[in-house]
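S.K.: Sharing a structure here in structure tokens format.
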Amino acid sequence: MSEAETRCRVGIDVGGTFTDIVLEAGGDRTSAKVLTTSQAPERGVIDGLREVLQKAVLAPGDVGLVLHGTTLATNAVLERRGARTAFITTEGFRDILEVGYETRYDQYDLMIEKVAPIVPRRLRFTVPERVDARGRVLEALDEEAVHALAPALSAAEIESVAVGFFHAYANPVHERRVEAILHDALPELSVTLASEVCPEVREYERFTTASVNAYVRPLMEGYLARLDGMLAEIGIGCPLLLMTSGGGLTTVETARRQPVRLVESGPAGGVLLARDIAARAGLDKVMSFDMGGTTAKICFIENLEPRRAREFEIDRQARFMKGSGLPLRIPVIEMVEIGAGGGSIARVDRLGRIAVGPESAGAEPGPAGYGRGGTDATVTDADIVLGRIDPAGFAGGRIELRPELSAEAVGRSVGASLELGPSQAAQGIVEIVDENMSNAARVLAVEEGKVASEQTVIAFGGAAPLHACRIAEKLGIDRIVVPVDAGVGSAVGFLRAPVAYEVVRSLNMRLSALDAGAVNDLMADMRREARTVVESGAFGAPLAERRVAYMRYLGQGHEIAVPVDSERLGPDDGRALQAAYDREYELLFKRTIPDADVEVLSWGLTVSTVEAMPAADDPGRTTGSPEPAGWRDIHDTESGAAAQVPLYRRADLAAGDRLDGPALIVEEQTSTFVSRNFRAVLAPAGNIVLERRV
Amino acid sequence: MASRDGLDVITRQVMWNRLISVVEEQAQTLLRTAFSPIVRECGDLSAGVFDLRGRMLAQAVTGTPGHVNSMAESVQHFIRHFPVAEMNEGDIYITNDPWLGTGHLNDFVLTTPCFRRGKPVGLFSCTSHLTDIGGIGVGPDATDVHMEGLYIPMLKLADRGRIDATLMAFVRRNTREPVECEGDVYSLAACNEVGCVRLVEMMDEFGLEDLDELGEYIVSSSRRAVLAEVAELPKGKYRNAMALDGYDRPIDLVATLEIGDEGVHVDYDGTSPMSRYGVNVPMAYTTAYTSFGLGCAIAPGVPNNAGSLSAFRVTAPERSILNAPYPAAVCARHLIGQQLPDVVFGCLEKVVPERVPAEGASSLWNITFRGEADRGSNERSLFAFTAVTNGGTGARGVKDGLNGTAYPSGVKGTPVEIVETMAPVLFRRKELRSDSAGPGTWRGGAGQVIEVESADGRDMELLAAYERIDHPARGRAGGGGGEAGAVFLASGTRLKGKGTQTIPAGETLVLHTPGGGGHGPSRNRPPEAVAADVEDGIVSEAAARRDYGWKGAA
């Protein structure tokens, strides 16, 4: 075990509202939740750190490793609070960032607003140069023109520049030359090269990724430098690693250069938490289901590996509508996020159908039942009306629930126009939101070639345990795990993350003419790049490498990722790749195409530390049938009638306790609703395991 | 209301949502497996599920309106040719008949019966645009449909799961892009199969034996919802006329829109007769884009299906350019068809002025090249390539138009780097066109300037199909018109807007795509909005002074 691991580790998740801090020392976990100090987030982090150290009775010097994820980069884009950024591109192509896909994300809405490009036209500059699709220089870079830009950039008080030239993924020579010239002329200027951040074909996505990187870079560099300084000041001199959207940790140095990789690190942390629970429970097929106040996030984890993707959209104009945001080509964990949370608002549309979300009542005013002036019926209100939330001790007694306000809102917003009473209307709301989430899961399962019914659901986030049973029923799933202490899930997840770095490069090649030497050279280069990043944060931990080829039939437009088994390709690997491709393709699309040639578009390589995954816990034996702490009146959604069900307090349950649904298990942060089709068992590790009754 | 009914209401809604999700998966499968760049990069496709009577119950949001609404009718033709009772599991049916499919030979339509426990329960249909289907190519020069390429009647593509090898051999040998063409047929077949698997799962889950009751619910509530919107509009007849360039002479599109108790009826009496060339529009395509324009303005929130479409009736005189029968040439039917929402909006200006935008570029400005390509290792052959580009949309009553954006088509533009990877062409310029947007309180969307040439010094053929060169987009409510489009060589020679022309080696083709019209008087535009456009170079200083009385930076 390395030195860093013998001391305690701290996970920090800086969100838009709260900063979560989790400290682990030995087997003990201490956590704190403080308000995010938006103007100087490092202050909140330091406050929270002091708090957990005090609680755990540890000194700053005892901290061996800090693992940090943040939404600062994301929020800077959403709120357009980034640096004054310019974009330099090939002459004749000033507007790629703005024209984008030339399409509307909503076919029927005549009033759509397209997402504003990250750099306005007045700050987009062009210089003469041209490289073709094969990387050949057709027109040399006009260096005079680049020199001439320097005064213009100074005059416009530009802090950060993105450089994106056509086909520079195939030959970055001109982009690198611009960087050198600008560095000499304007040493303070931050320069991002598109060919470095995203060396892949398709100009709009590549240029957008580079411009977003340039836009958040000065902010993130400043923040990380200040945080580093303050950590040292209070005596925490250990390494700091940053969580990326791809689910791996990276060094401060890489985070400063490529801060675009830090967006969406919170949800990635949640997935890592689910993965850890899957390992401990010995589960090889898991659906991570994270349902909070405004959204639900679903991700499949097979053999402890979530699927990776390379596309992510930020700053969507129409919430959750594909195509309405800025497309980023960065490594991400593939998940689906939809506007379905406890605060999602329900209404009846013009067709007399119940619609739920994506609009959310948020934390203020919140659901009607919070009694803070909210009048819209939310999913939480529906849960209250159905009797699934015990008003006593809700949110640790901080909020006094007003069920009559929930009933009124549900009756008014949904019941009235459908001629349904409050209970039936509430049932309708819950049924629709559960269906929406199940549908999202089904679509994702199909896209990934997975079978939804074979999964075990891991349900966390405040609202997930209330809805997990119904979703499992809809998906034909037989088992659900509700972990302990899921309220600070992402920060806990960071503690479980490997140090990792992913590189993807385009090198187009037909399998029938596979040039193993060229691929080996490219991979060696990528390996060097990835290992350099990872080794500096791995503290001697063993490293593993994952290789993929992004392949398609010659002439197709979309690639699928196929694992590459050999570290060095030999003459026979063309056939092996073809066989692997056929397998994947048939899994995804049912039917392969006879005699069609296959090509590789890009190659990916990820180096990561090997985390010793925890061994599966002993499942234990069911022993007792606990006494309920009380009884609650609920609306039974299966019979459509009122019923009484036992209520248990999670804290009172002991390992091995077993109880049959319908029942409620309540705790401070959430409630687990056990439907009549499920039975709950308390596992030795404290997780609630729900299994379908036969 | 009894509680059981209450639950049924909710269950039916859940099933409807599910059906929409099923067809979305169907469309996504098509998108991800397609070969033709115009499908895979641009999404020129559609997908939907139908009941056994051929009524469309749901369509994918992914796709383009001209396909969707014409495919809705197409399935009726399929089941007339191949009665459902005679279909077998594993059968797939195909056509590219412009009058039984979606309006030109490049669109293949595949329909697959979906079986559950040995019984047919529904039909999946999908369509996508293949880059090349032989013949004279995807331009408007033909004088009858047979010149436009391989004509596939209503045929069985697969019999109980076995693909017809003879048919596939014919397809391969009759296109300049055999790999793409064959791959796309497989891709279409696969997407219907994915849809069917998912439908059967849904029926198992809900214990549904057939789609009759669910279909009736979807169709009737959608129709009711559209009629409720229509009922809020003042009844009456509203007329509009719009002139277009046409192939060799201008065309008048004349519409009378009548709002009545049974919905909206648009009749095109007074419209110009059909053309000798391939700009004619089959009736299904006319209906498709007219209904789309009506849907956008009147009932944008109602899902598209047989019920919502039934509230709109469209007629046009036989042998007019909007109702051209076999054997008319129809390849470039989108040029006229995509202008129909603008014609509809002109009628509705008197009814819902705040909802309808000014006229826009509207028709796609596709760049279709054909020529010789060196594909390495002695594979010298022909290439054909279509890159999608656009002008600007019309200004909305409360917002500017969209720069370089497709409307009403739902397809995406083709990335320049993808074009250059696929075909021996080199782009020199593709950026927004200054002073092309129609002035107004809200200005139109700007068009683009595009310059492109052969990458290997060969002659190339341009299959030109461009509108709004002589008839630019008009403004609305006192707004100014957008700039007209233009097609020429960099050396100065003007080219025709329609028809195949040679771009000689060493020459550069220049396209100026049209701007959208403005909305409201330009003097009412906020000065800071004018200043921002000037600073961005979307509006020149001279034009700002002329059109907006701008007095800034002398």
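The values are calculated or read from the model by the stated rules, or taken from the named source; none is laboratory data. Computed from a prediction, not measured in an experiment: that's the story for all the values here. A quick note on method: Cβ atoms are made from the backbone with ideal geometry, for glycine too, and the neighbour counts reach across all protein chains shown.
S.K.: Name the single residue that is farthest from the other protein chains (Cβ to nearest Cβ) among those in region A:541-557 being assigned to a loop (DSSP other than H, G, I, E, B) and surrounded by 15 or more Cβ atoms within 10 Å (Cβ to Cβ).
M.R.: Ranking the candidates gives A:A541 first.
S.K.: Among (1) among the β-branched types (V, I, T); (2) assigned by TED's automatic domain parsing to the domain that holds A:G357; (3) touching a Phe, Trp or Tyr at 6+ places or on another chain (Cβ under 8 Å); (4) modelled with pLDDT of 90 or more, where does A:I458 come up short?
M.R.: Unmet condition: (2).
S.K.: Something else: Can you report the number of residues in region B:404-415 which are crowded, with 24+ Cβ neighbours inside 10 Å and either among the aliphatic types (A, V, I, L, M) or more than 7 Å from every other protein chain (Cβ to nearest Cβ) (or both)?
M.R.: Here the count works out to 4.
S.K.: Moving to a separate point now. Which fully enclosed strands (runs of 3 or more DSSP E) of region A:1-99 have 2 or more residues being more than 22 Å from the chain's Cα centre (by Cα) and in the same structural domain as A:L123 (by TED's automatic domain parsing)?
M.R.: Result: A:85-90.
S.K.: Being within 14 Å of another protein chain (Cβ to nearest Cβ), within 18 Å of A:E302 (Cα to Cα) and surrounded by 20 or more Cβ atoms within 10 Å (Cβ to Cβ) is the filter here; which residues of region A:451-481 pass it?
M.R.: A:A452, A:A472, A:L475, A:I477
S.K.: Restricting to region A:562-607, and then to whatever is among the hydroxyl-bearing types (S, T, Y) and over 26 Å from A:A500 (Cα atoms), can you tell me which residue is modelled with the lowest pLDDT?
M.R.: Ranking the qualifying residues of region A:562-607, first place goes to A:T592.
S.K.: Inspect region B:386-395 for any residue being of a type in the set (S, T, Y), surrounded by 21 or more Cβ atoms within 10 Å (Cβ to Cβ) and touching a helix residue (DSSP H, G or I) at 6+ places or on another chain (Cβ under 6 Å) and give the result as yes or no.
M.R.: Yes; the residues of region B:386-395 include at least one that is of a type in the set (S, T, Y), surrounded by 21 or more Cβ atoms within 10 Å (Cβ to Cβ) and touching a helix residue (DSSP H, G or I) at 6+ places or on another chain (Cβ under 6 Å).
S.K.: Kindly indicate the residue of region A:374-387 that is out of contact with any His (no Cβ under 9 Å at 6 or more places or on another chain) and crowded, with 22+ Cβ neighbours inside 10 Å and also nearest to the other protein chains (Cβ to nearest Cβ) among those meeting that condition.
M.R.: For region A:374-387, the residue satisfying everything is A:A382.
S.K.: Now a separate question. What number of residues in region A:399-426 are within 12 Å of chain B (Cβ to nearest Cβ) and of a type outside the set (V, I, T)?
M.R.: 11
S.K.: Output the residues belonging to region A:624-668 that are within 14 Å of chain B (Cβ to nearest Cβ) and either in a strand (DSSP E or B) or of a type in the set (D, E, K, R) (or both).
M.R.: A:H635, A:D636, A:E638, A:A641, A:A642, A:A643
S.K.: Please go through region B:121-159 and pick out each residue that is farther than 23 Å from B:G371 by Cβ and in contact with a Cys (Cβ under 7 Å, 6 or more places away or on another chain).
M.R.: Hits for region B:121-159 are B:V121, B:G122, B:L123, B:F124, B:C126.
S.K.: Going by the structure shown, is B:A306 more than 14 Å from chain A (Cβ to nearest Cβ) and either surrounded by fewer than 24 Cβ atoms within 10 Å (Cβ to Cβ) or over 18 Å from B:V254 (Cβ atoms) (or both)?
M.R.: Criteria met by B:A306.
S.K.: Here's another thing I want to ask about it. Would you confirm whether or not region A:536-550 contains a residue that is of a type in the set (S, T, Y), more than 23 Å from A:V271 (Cα to Cα) and free of Cβ contacts under 8 Å to residues at least 40 places away in the same chain?
M.R.: Checking region A:536-550: not a single residue is of a type in the set (S, T, Y), more than 23 Å from A:V271 (Cα to Cα) and free of Cβ contacts under 8 Å to residues at least 40 places away in the same chain.
S.K.: With respect to the numbered conditions (1) within 14 Å of chain A (Cβ to nearest Cβ); (2) closer than 14 Å to B:F124 by Cα; (3) out of contact with any helix residue (DSSP H, G or I) (no Cβ under 7 Å at 6 or more places or on another chain), which one is the sole condition not fulfilled by B:D8?
M.R.: Every condition holds for B:D8 apart from (2).
S.K.: Could you figure out which of (1) within 28 Å of A:D47 (Cβ to Cβ); (2) in a helix (DSSP H, G or I); (3) in contact with a strand residue (DSSP E or B) (Cβ under 8 Å, 6 or more places away or on another chain); (4) not β-branched (V, I, T) isn't true of A:L241?
M.R.: (2) is the only condition that A:L241 fails.
S.K.: Checking the condition touching a residue at least 24 places away in the same chain (Cβ under 8 Å) and either within 14 Å of chain B (Cβ to nearest Cβ) or among the small types (G, A, S) (or both), which residue from A:T85, A:T89 passes?
M.R.: None of the others qualify; the one that does is A:T89.
S.K.: Here is a further query. Can you tell me how many residues in region B:146-163 are within 20 Å of B:R176 (Cα to Cα) and among the small types (G, A, S)?
M.R.: Residues in region B:146-163 being within 20 Å of B:R176 (Cα to Cα) and among the small types (G, A, S): 1 in total.
S.K.: Can you tell me which residue among B:I79, B:I38 is surrounded by 24 or more Cβ atoms within 10 Å (Cβ to Cβ) and out of contact with any helix residue (DSSP H, G or I) (no Cβ under 6 Å at 6 or more places or on another chain)?
M.R.: B:I38
S.K.: When region B:183-234 is examined, which residues are found to be assigned by TED's automatic domain parsing to the domain that holds B:V23, within 25 Å of the chain's Cα centre (by Cα) and under 17 Å from B:V23 (Cβ atoms)?
M.R.: B:S187, B:L188, B:A189, B:A190, B:C191, B:N192, B:E193, B:V194, B:G195
S.K.: Does at least one position in region B:245-260 carry a residue that is of a type in the set (F, W, Y) and more than 23 Å from B:D141 (Cα to Cα)?
M.R.: no
S.K.: Suppose we filter region A:83-142 for residues that are in contact with a strand residue (DSSP E or B) (Cβ under 8 Å, 6 or more places away or on another chain) and among the basic types (K, R); how many remain?
M.R.: So the count comes out to 5.
S.K.: If I filter region A:576-592 for residues that are within 14 Å of chain B (Cβ to nearest Cβ) and within 18 Å of A:R202 (Cβ to Cβ), do I get at least one hit?
M.R.: No, region A:576-592 contains no residue that is within 14 Å of chain B (Cβ to nearest Cβ) and within 18 Å of A:R202 (Cβ to Cβ).
S.K.: Here is a further query. Since B:T493 meets every condition but one in (1) of a type outside the set (A, V, I, L, M); (2) within 14 Å of chain A (Cβ to nearest Cβ); (3) over 30 Å from B:E177 (Cα atoms), which condition does it not meet?
M.R.: Of (1) of a type outside the set (A, V, I, L, M); (2) within 14 Å of chain A (Cβ to nearest Cβ); (3) over 30 Å from B:E177 (Cα atoms), only one is false for B:T493: (2).
S.K.: Let me ask you something else. Suppose we keep only residues that are modelled with pLDDT under 85 and not in a helix (DSSP H, G or I) within region A:482-496. Which one would you say is surrounded by the most Cβ atoms within 10 Å (Cβ to Cβ)?
M.R.: For region A:482-496, the residue satisfying everything is A:R496.
S.K.: What are the residues in region A:425-470 that are small (G, A, S) and assigned to a helix (DSSP H, G or I), if any?
M.R.: Selection gives A:A425, A:A426, A:G428, A:S438, A:A440, A:A441, A:A445, A:A452, A:S453, A:A464, A:A468.
S.K.: With the structure loaded, tell me whether B:L208 is within 13 Å of chain A (Cβ to nearest Cβ), touching a residue at least 24 places away in the same chain (Cβ under 8 Å) and either of a type outside the set (F, W, Y) or in a helix (DSSP H, G or I) (or both) or whether it fails that test.
M.R.: It is false that B:L208 is within 13 Å of chain A (Cβ to nearest Cβ), touching a residue at least 24 places away in the same chain (Cβ under 8 Å) and either of a type outside the set (F, W, Y) or in a helix (DSSP H, G or I) (or both).
S.K.: Provide a single number: the residues in region B:72-97 that are assigned to a loop (DSSP other than H, G, I, E, B) and touching a strand residue (DSSP E or B) at 6+ places or on another chain (Cβ under 8 Å).
M.R.: Number satisfying all stated conditions: 7.
S.K.: In this structure, is B:G183 at the interface with chain A (Cβ under 10 Å from one of its Cβ atoms) and touching a Phe, Trp or Tyr at 6+ places or on another chain (Cβ under 7 Å)?
M.R.: yes
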